[in-house]
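Q: Quick one: this structure, given as structure tokens, is what I'll be asking you about.
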Amino acid sequence: QVQLVESGGGLVQPGESLRLSCAASGFTFSSYAMSWYRQAPGKERELVAAIASAGSSTNYYADSVKGRFTISRDNDKNTAYLQMNSLKPEDTAVYYCNAERWVGALTFRYWGQGTQVTVSS
């Protein structure tokens, strides 16, 4: 059974930090690219950060989080992370973990249930 379980969300004040974790099971984690998306109330889900299956120094970040967020993965622990520093109220959203793999024309995609991040004073 495929599972992606996010944790680490919570309520923090502006300028503080959080680290989200995404624990994966039921599939070959190291073969999948991992991403973090977020969805704020009334807005569409947006891609925040992504990392290739083998890890990379050229990870993707949305412009709104560049320099503040860092995505990483530990293939031995089947876990992806999102370190979020200097949090802003506009970072408030439900954060989702995503795993994707492309095999020819096929896309294999899994989602976590989401974890709430609230940044407020």
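The values are calculated or read from the model by the stated rules, or taken from the named source; none is laboratory data. Note that the structure is predicted; figures quoted are calculated from it, not measured. Cβ: placed from backbone, ideal geometry, glycine included. Neighbour counts: every protein chain shown. Each accessible area value is taken on the protein alone, full model and side chains, heavy atoms only, with ligands, DNA and RNA left out. Shrake-Rupley method; radii C 1.70, N 1.55, O 1.52, S 1.80 Å.
Q: What does the charge add up to near Q116, with Lys and Arg as +1, Asp and Glu as -1, over the other residues with Cβ less than 12 Å from its Cβ?
A: After counting each charged neighbour, the total is -1.
Q: Next question, about the same structure. If I compute solvent accessible area with a 1.4 Å probe over the protein chains, what percent of it on the chain is carbon and sulfur?
A: After summing per-atom areas, the C and S share lands at 46 percent.
Q: If you project the alpha carbons of the chain onto the principal axes, what extent comes out on each, in Å, largest first?
A: Extents along the principal axes: 45, 29, 26 Å.
Q: Counting only heavy atoms of the protein chains, get the accessible area per residue of the stretch 18-121 (1.4 Å probe) and round it to a whole Å² value.
A: Counting only protein heavy atoms, the per-residue value for the stretch 18-121 is 52 Å².
Q: A further question on this structure: Place the peptides 78-85, 114-121 in order of packing, highest mean first, counting for every residue the other Cβ atoms within 10 Å and averaging per peptide.
A: Packing proxy ranking, top to bottom: 78-85, 114-121.
Q: Further question: Taking K and R as +1 and D and E as -1, what net charge do the other residues with C-beta under 11 Å from the C-beta of Q83 add up to?
A: +2
Q: Counting Lys +1, Arg +1, Asp -1, Glu -1, what net charge surrounds S21 among other residues with beta carbon under 12 Å of its beta carbon?
A: That sum, taken over residues with Cβ under 12 Å, equals +1.
Q: Sticking with this structure for a sec: For K43 and V2, compute 0.36 nm times the residue count separating them, minus their Cα-Cα distance, and round to one decimal in nm.
A: So the extension gain works out to 12.0 nm.
Q: Now, a different point. Just to verify a number: FRET efficiency for A52 and E16, C-beta to C-beta distance, R0 = 30 Å, to 0.05?
A: Calculated transfer efficiency: 0.55.
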